[in-house]
Amino acid sequence: MTVLRLILGDQLNAAHPWYRERDEQVVYVMMEVRSETDYVRHHAQKVLALFAAMRGFAEALQAAGHRVHYLPISATENRHSFAANLAWLAAHYGASRWERQEADEWRVETDLEDAANHLGLPCKVVDSAHFLAKRSELAAEFAERVPRMEHFYREMRRREGILLGADGKPYGGRWNFDSENRARWPGTPPAPAWPWQAHDRFALWVEIQSAGVQTMGEPSAQALPWPLSRREARDGLAHFIDHALPYFGQFQDAMSLASGTLFHSGLSFALNTKMLHPREVIQAAVAAYQVGKAPLESVEGFVRQILGWREFVRGVYWARMPGYAQLNALAAERPLPAWYWSGETQMACLRKAITQSLQTAYAHHIQRLMVTGNFALLAGCQPDEVDAWYLGIYIDAFEWVEMPNTRGMSQYADGGIVGSKPYVAGANYIRKQSDYCQGCRYDAKQRVGQDACPFNTLYWHFLDRHGDRLRHNPRMALPLKHWQHTDADTQQAVRAQAESYLARLDTL
Ligand code: FAD
Ligand code: SF4
């Protein structure tokens, strides 16, 4: 009467109701499979950190008295797909049924549904006990019309009772402190380093390579700097609250050559693998405000990301998949420039964001949105390619959160479901928010001429190309009007320069 319970690599939630009791009839199964390492080319640190955290989770379960069958990538009996491994494990244990938690990604959910059909054993699917909003509720609520994130976020604040007075009004009399959260970082206060110890996972790296897994980026196998257990994730949360949260809001949109992390938490890997629960992260931030350790604009800004954006994009994903993965509202068809995989571009901002991503598997939100994403959108790069890049390169990239952020928020390929306008900007935005433009080969003030910043040229060309489509969007009215009032000679020069840049993107 053995029951198999499948635990996926992003389901490392030690507080799940499954583990409240030990049951000799239950065998927990975990597996490192090629179907998961190969659906996209992942960053080396992502594969390493996931496998290392999975192995640690399995050991902790065993130490707590649970039965666990772990299939490492090198095991000869590993069939490298969920369905084939489950069939083998079911036969091995003479299992009478199996259970699993809801998968967060469409690909995995459909794989597991297929596996259930092939196995022919009764299968029970339970909630992953992680998110604050239920997937089925969100899918139903967003099916007809996706609300604006701001509306959704306020409802979530009310529902969870977060940062609200007894009268139900938001603390500070406002729901949104975005206008206070746009400062450039002058170099002080110093940006704190994340606290995770440098793990030596060289042996695991050798195992992954011997299995033939193709990755990108710097493995840092002897000094892997990510939280690999719940204890380390909790330490990271405490460190963030004490050292970075007070400045999180103020410098949320800032970028700097001197720090790729600034006052961001680095908690997305721990959250997305479920080592941390979003509620405990939110509560820790709110508690810091209540004892005067962090200002309201920081705490509200941080809470908004987790209670608002994170839950919201999951709702969009589950309401709109599988069609969402095909959306390409702006008919963008250009390949992503080759330097997205090397960082070898003369554009200082992109060089910094991409090199940092390849070295660390991390870039913060504004680097992803306003540098790499902005450029891909301005250049008209194919959203499938853009999606694959983001899905591979970041430590926290799982499709349910990556795709609405990339295809939706960043590339506007969903035609405005996630964002109310395309996030496009010329060099002025990057110049204001960062020190990237100083010393760049291009001139942030020019839009034509041999030194013209490609962001500027392509920004105006983007408005020219998509003006008809965007004309009815009130948030685009001002820049479109500006372009229409630009004299014909300048317009022509911008067009010519943009065509020349687009024809040789790989050399910029
Ligand atoms: P912090 O700035 O410290 O924010 C705290 C937490 O808020 C994050 O850990 C994350 O859980 C949550 N959060 C913040 N912004 C978002 C958002 N827009 N959507 C969902 N959650 C958010 N986030 C991912 O977790 N995985 C991805 O694959 C991913 N891909 C992205 C692709 C693009 C093009 C863009 C623009 C954003 C993407 N994001 C993604 C959102 C965001 O950039 C990351 O969550 C954040 O940079 C993670 O770093 P952090 O933990 O230091 O975040
Ligand atoms: Fe980037 Fe243009 Fe600034 Fe250079 S000048 S760093 S390309 S925005």
Quiz item: How far is it, in nm, from the label point at V206 to the one at E155 when both lie 7 Å from their Cα along the line to the Cβ?
Solution: 5.4
Practice problem: Kindly rank 171-178, 336-343 from highest to lowest mean number of other beta carbons found within 10 Å of each residue. | Solution: 336-343, 171-178
Exercise. Taking amide H positions as placed in the peptide plane 1.01 Å from N, state which residues far from V126 in sequence (5 or more) or on other chains have amide H under 5 Å from it.
Key: R100, Q101, E102
Quiz item: What whole-number value in cubic angstrom gives the convex hull volume per residue for the C-alpha atoms of the chain?
Solution: 153
Self-check item: Per-residue Cβ neighbour rank within 10 angstrom, fewest leading, R441, R469, R230, R145
Solution: R145, R441, R469, R230
Practice problem: For the stretch 38-154, give the magnitude of the charge dipole about the Cα centre (Cβ charges: +1 Lys/Arg, -1 Asp/Glu; no others), in debye to the nearest 20. | Solution: 220
Quiz item: What are the ³J(HN,Hα) values, in whole Hz, obtained from phi via the Karplus relation 6.51 cos²θ - 1.76 cosθ + 1.60 with θ = phi - 60°, for each residue of the stretch 48-53 in sequence order, with x given for Gly and Pro?
Solution: 4, 5, 5, 5, 5, 5
Practice problem: With runs of 4+ DSSP H residues as the only contributors, calculate the mean residue ellipticity of the chain at 222 nm using -39,500 (n - 2.57) per run, divided by the residue total and rounded to the nearest 500. | Solution: -12500 deg cm²/dmol
Quiz item: Which FRET efficiency, nearest 0.05, do Y39 and Q62 yield, Cβ-Cβ r, R0 25 Å?
Solution: 0.30
Exercise. Kindly work out what percent of the DSSP beta bridges joining two residues of the chain are antiparallel, to the nearest 5.
Key: 10
Quiz item: How long is the gain from R22 to D235 if the chain were fully straight, where each residue apart is worth 0.36 nm and the alpha carbon distance is subtracted?
Solution: 73.9 nm
Quiz item: What is the stretch 3-126's relative contact order, in percent, from Cα pairs under 8 angstrom and six or more apart in sequence?
Solution: 31
Quiz prompt | Order by protection proxy (mean Cβ within 10 Å, highest first), peptides 128-136, 401-409, 307-315 | solution = 401-409, 307-315, 128-136
Quiz item: Taking amide hydrogens as modeled 1.01 Å from N in the peptide plane, which residues meet the under 5 Å criterion relative to H42, leaving out close sequence neighbours?
Solution: M216
Quiz item: If we sort 82-92, 41-51 on the protection proxy, mean other Cβ atoms within 10 Å, highest first, what's the order?
Solution: 41-51, 82-92
Practice problem: Search the structure for amide H atoms under 5 Å from the amide H of V29, placed 1.01 Å from N in the peptide plane, and list their residues when 5 or more places away or on another chain. | Solution: R5, L6, I7, H69
Quiz item: From the residues W98, V108, F57, which one has its Cα farthest along the dipole of the stretch 29-183 in the positive direction, the dipole being from +1 and -1 charges on Cβ of Lys/Arg and Asp/Glu about the Cα centre?
Solution: F57
Exercise. Using the number of other C-beta atoms within 10 angstrom as an exposure proxy, rank L508, L478 with the fewest first.
Key: L478, L508
Self-check item: Stretch gain in nm, segment Q346-A140, where the contour uses 0.36 nm per residue and the Cα spacing is subtracted
Solution: 69.5 nm
Self-check item: Sequence-separation-based contact order of the chain, relative, with Cα cut under 8 Å and 6+ spacing, percent
Solution: 16
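Each reported figure results from applying straightforward, stated rules to the coordinates on display, with no laboratory input. Note that this is a predicted model, so its numbers are computed, not measured. Note that we place each Cβ from the backbone using ideal geometry, even for glycine, and neighbour counts take in every protein chain shown.
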